[in-house]
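These notes concern the structure reproduced below.
The values are calculated or read from the model by the stated rules, or taken from the named source; none is laboratory data. All values reported here derive from a predicted model rather than from experimental measurement. Cβ placement follows ideal geometry from the backbone for every residue including glycine, while neighbour counts extend to all protein chains displayed. Accessible surface is based on the protein model in full, side chains and every heavy atom, while ligands, DNA and RNA are left aside. Shrake-Rupley method; radii C 1.70, N 1.55, O 1.52, S 1.80 Å.
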Amino acid sequence: MARRIAYTGDPVLTLEEVARQCRLDVEDLQAELIETVIIPGVTQQGEVLSGAAIRTAEYEERWPPSRCSGHALDMGQANEIIDISHIADDGTPQSLEVVTRLQEEGRETRLYFPAGRPVGELLIRYRAGTDLERYPGVRCWLLMHAATAHEFRETLISGPNLSALPDSFLDSLLADITVPPRF
């Protein structure tokens, strides 16, 4: 399972975009609520539902010795290998100089070792994030959820009076980047 180390890219939505989606002026919004709760919240929700990185971040995952070259990385939308390390017997990572190639195959990105996979347990560190120009449905999904979270910020928790759009409609906007189950 990939572990996010840190976000490295800017937030995927701006205060102005959320204001436009809510049909409000920026001055009418609580900027702190939008920037520190709603935008990170809908981004995280999209990443959990899709299995893909939406906001650019660094990830790392451990590959057991049995995982061969050409296996898909756990986080979808991977676009750059930062480091490959061998895990020594004492548990410390030792960086390797090894040739790698990422191949995007639909919703997944596969990691290949053209000169052969190094032996042993590996620690793979990589960058992943969705190109929202390439997948405009993802931006639409984020904006729709941000506007809903803003409009119903109290009733989403208690929820008895809120009738939401069907999940299948909203979640289909993430379909282009959703990583298929692997078990």
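Tabulated results
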read-out: Candidates ARG117, ARG127, ARG139: whichever shows maximal mean-square fluctuation once the chain is modelled as a Gaussian network with Cα springs under 10 Å; value: ARG117
read-out: Whole-number accessible area per residue in Å² for the chain, which is evaluated in the context of all protein chains at 1.4 Å; value: 57
read-out: Computed accessible area, ASP28, all protein chains, 1.4 angstrom probe, square angstrom; value: 100
read-out: Dipole moment magnitude, nearest 20 debye, the stretch 18-116 about Cα centre, only Lys, Arg, Asp, Glu C-beta charged; value: 440
read-out: Computed accessible area, THR92, all protein chains, 1.4 angstrom probe, square angstrom; value: 60
read-out: Signed unit charges on C-beta, dipole axis of the chain, positive-most listed residue ILE87, ILE34, LEU174; value: ILE87
read-out: Per-residue SASA entry for ILE82, accessible area with 1.4 Å probe, Å² rounded to 10; value: 70
read-out: Shape call, the stretch 1-41: gyration tensor on alpha carbons, a/c limit 1.5; value: prolate
read-out: Rounded to the nearest 20 debye, dipole of the chain from Cβ charges on Lys, Arg, Asp, Glu; value: 620
read-out: Alpha-carbon centroid distance for the pair the stretch 101-131 / the stretch 47-75, whole angstrom; value: 8
read-out: Candidate residues PHE152, PHE113: accessible-area rank, largest first, probe 1.4 Å; value: PHE152, PHE113
read-out: Protein-only accessible surface order, largest first, of SER172, SER50 at 1.4 Å; value: SER172, SER50
read-out: Solvent exposure ordering (accessible area, 1.4 Å, most first) of HIS86, HIS150; value: HIS86, HIS150
